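The values are calculated or read from the model by the stated rules, or taken from the named source; none is laboratory data. All values derive from a computational prediction rather than experimental measurement. Note: ideal-geometry Cβ built from the backbone for every residue, glycine included; neighbour counts use all protein chains shown.
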Amino acid sequence: MSTVKVTYFDARGRAELIRLVLKASKIEFEDVRITKDKWPEVKPTTPTGKLPVVEYEGKQLTQSMAIARVVARKHGFMGEDDKEYYLVERAIGQMVDVLEGLYKIYFAPEEKKEELRAEYVATSGRDNLKALEGFIKETGFFAGEKITLAELFFLVVSDYLVKLPQLYDDFPKLKELRERILKANTDVEEWVNTRPVTEM
């Protein structure tokens, strides 16, 4: 079997969901982290001039969500049937909305961050987390009764939500979900507890 290699910057960022689904699938991988000063040298060698790039089953794959989905599908993390597949994708779509709002704050000029943060906490951020909490009401997971790609994506999202306690603390069921996910998969838990510490 060919070696799996994940190439990205020294960050969680767009590669972290890929790393998590590989760990959940018990697939060992080489975690290659490119420094900013090396990126101009590496960029021309990538298929699209962007990272992450993942070497998987002898091929170079690009586009982080597509990569995560193909690994998740092959290893049983996209739900048991069409209904669960929809529920997985519904949750992922909701979390993409969460991240878009958080990124808007993160990349805003410093003098605007506090205003944007307060607005997000009071409006779309709260609405999105309320929806996510509703999604897990029935079984405690987003689809069925076990971890899917949606739960792994929630680990990515919650890494950012902890920096907004004025919002995240109002949704204890989501905080409990994070702990439930980690306890359900020891490989994922070990990765989260031992991975390199980065800002993003």
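Taking region 104-193 as the region of interest, the helices (runs of 4 or more DSSP H) fully inside it that hold 1 or more residues being within 24 Å of Asp82 (Cα to Cα) and in contact (Cβ under 8 Å) with a residue 60 or more places away in the chain are 149-161. Scanning region 92-133 for residues that are loosely packed, with under 14 Cβ neighbours inside 10 Å and among the small types (Gly, Ala, Ser), we see that the one that is nearest to Asp170 (Cα to Cα) is Ala122.
A single member of Gly134, Gly101 is in the same structural domain as Arg180 (by TED's automatic domain parsing) and either out of contact with any Ser or Thr (no Cβ under 9 Å at 6 or more places or on another chain) or hydroxyl-bearing (Ser, Thr, Tyr) (or both), and it is Gly134. Under the condition of being among the aromatic types (Phe, Trp, Tyr) and surrounded by fewer than 14 Cβ atoms within 10 Å (Cβ to Cβ), the residues counted in region 143-200 number 0. Would you say Leu20 is under 13 Å from the mean Cα position of the chain (by Cα) and either at negative phi or modelled with pLDDT under 95 (or both)? Yes: the conditions hold for Leu20.
Considering the conditions (1) in a loop (DSSP other than H, G, I, E, B); (2) closer than 17 Å to Lys146 by Cβ, Lys83 is excluded by exactly one of them, (1).
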